Amino acid sequence: MNENALLKSFETLFHQSADVQTGPGDDCAVISRGNTTLLAAADQLIGQIHYYLDTPPRLAAAKLLKRNLSDIAAMGGVPRWALCTLACKDCSAKWMQEFFAGLEECAKQFNVSIIGGDLAELPAAGQVSTLTILGEAPSDEICLRSNAVPGEIVCVTGVLGDSLKSEHHLHFTPRLAEGRFLAQNHFTRCMMDLSDGLAADLPRLLEKSACGAIIDLDTLPRRNGCSLENALADGEDYELLFTVKESVLEQLQKQWQFAEAFTPIGRITSERGSLKYCSNGQEKDFKGVKGYEHFTV
């Protein structure tokens, strides 16, 4: 049993109404609403999995929201509303007050309204919070994992790896402005959020687009000089992975005005399901580098 197989089996399990343009299998669901679309996604934050239990509750809450904001960014959208649930055991009233204060502080920063949620007590010690994010985007600007085309250049924002040690996983900024810029200016129609590591997330994009990719390891932007394995598999990067036509790459580079650079790291190929890594023009064996995955037993 593994996460990817489970998720794939669930994608066709649930029936969808006619207004659902994109259901399970992308960063957000896409629901038609006339000239615009509603974006919806949900994510969880689990103590000792996504953060240490001594992490300040304000930081944990902000991470929960920002993880979801990164999904909206990957669709080229704008976040609007959120619902939050918290289930825990032996959490003090002060801890919960700090958690929700941190959530509101982050929500104000990104102009998101927390419109409701739920509280529950776990039967054993632990902390589990979930958040459902709702956003919007013009119908003709939605970016999907399934829109990559052979010949396009694969790019990433920011740098990758070393997220836990550097505490990037707590202090990252979701790439909402960058995602909106890429979608609004029609530089890309294929984008996703990097949360489980490039080695785990890129294959998901390739599967949806029925194509392959060659990644140039020499160009991979690495945080704090971390190893290639760390850059590929650590996860918790919350950067954007996107494709762009080679004919507009130079124009994008000239118009890019964000503090964090983007880096071309490879190319989409027509070889369905093939992900190859190369260095100095030679193919390298990184098949054992998989990224993070739940349910690996």
What are the residues in region 250-263 that are part of a helix (DSSP H, G or I) and open to solvent by 30 Å² or more (accessible area, probe 1.4 Å), if any? GLU250, GLN251, GLN253, LYS254, GLN255
Qualifying strands (runs of 3 or more DSSP E) (wholly inside region 1-66; at least 2 residues being crowded, with 17+ Cβ neighbours inside 10 Å): 29-33, 36-46
Residues (within 17 Å of GLN257 (Cα to Cα) and open to solvent by less than 60 Å² (accessible area, probe 1.4 Å)) located in region 178-191: GLU178, GLY179, ARG180, PHE181, LEU182, ALA183, PHE187, THR188
Taking region 231-249, which residues are open to solvent by 50 Å² or more (accessible area, probe 1.4 Å) and under 20 Å from LEU205 (Cα atoms)? ASP234, LYS245, GLU246
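Would you confirm, using the coordinates I've provided, whether CYS106 is outside any helix (DSSP H, G or I) and open to solvent by less than 50 Å² (accessible area, probe 1.4 Å)?
no
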Those residues that are surrounded by 23 or more Cβ atoms within 10 Å (Cβ to Cβ) and in a strand (DSSP E or B), I need them from region 140-154; list them, please. VAL154
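Between LYS94, LYS89, LYS165, which is more than 20 Å from SER195 (Cα to Cα) and modelled with pLDDT under 95?
LYS89
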Only one of ALA124, ALA137 that is of a type in the set (A, V, I, L, M, F, W, C) and either assigned to a helix (DSSP H, G or I) or open to solvent by 10 Å² or more (accessible area, probe 1.4 Å) (or both): ALA124
Can you name every residue in region 85-103 that is surrounded by fewer than 19 Cβ atoms within 10 Å (Cβ to Cβ) and closer than 30 Å to CYS143 by Cβ? THR85
Go through the residues of region 77-84 one by one and say whether even a single one is open to solvent by 40 Å² or more (accessible area, probe 1.4 Å) and assigned to a loop (DSSP other than H, G, I, E, B). no
From GLY225, GLY212, which residue is open to solvent by 40 Å² or more (accessible area, probe 1.4 Å) and not aliphatic (A, V, I, L, M)? GLY225
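What tally of residues in region 273-296 results from selecting those that are at pLDDT below 80 and either part of a strand (DSSP E or B) or open to solvent by less than 70 Å² (accessible area, probe 1.4 Å) (or both)?
Total satisfying the criteria: 5.
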Return a yes/no flag: does region 8-23 have any residue that is more than 18 Å from PRO174 (Cα to Cα) and either basic (Lys, Arg) or modelled with pLDDT of 95 or more (or both). yes
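Let me confirm something: among SER70, SER113, SER163, SER129, which residue is at negative phi, small (Gly, Ala, Ser) and surrounded by fewer than 21 Cβ atoms within 10 Å (Cβ to Cβ)?
Result: SER113 is the single residue among SER70, SER113, SER163, SER129 that is at negative phi, small (Gly, Ala, Ser) and surrounded by fewer than 21 Cβ atoms within 10 Å (Cβ to Cβ).
The values are calculated or read from the model by the stated rules, or taken from the named source; none is laboratory data. The shown structure was predicted, so the numbers you read here are calculated from the model rather than taken from an experiment. When we count neighbours, we look across all protein chains shown, and the Cβ atoms used for this are built from the backbone with ideal geometry, even at glycine. Heads up: the accessible areas ignore ligands, DNA and RNA and are worked out on the full protein's heavy atoms, side chains in. Shrake-Rupley method; radii C 1.70, N 1.55, O 1.52, S 1.80 Å.
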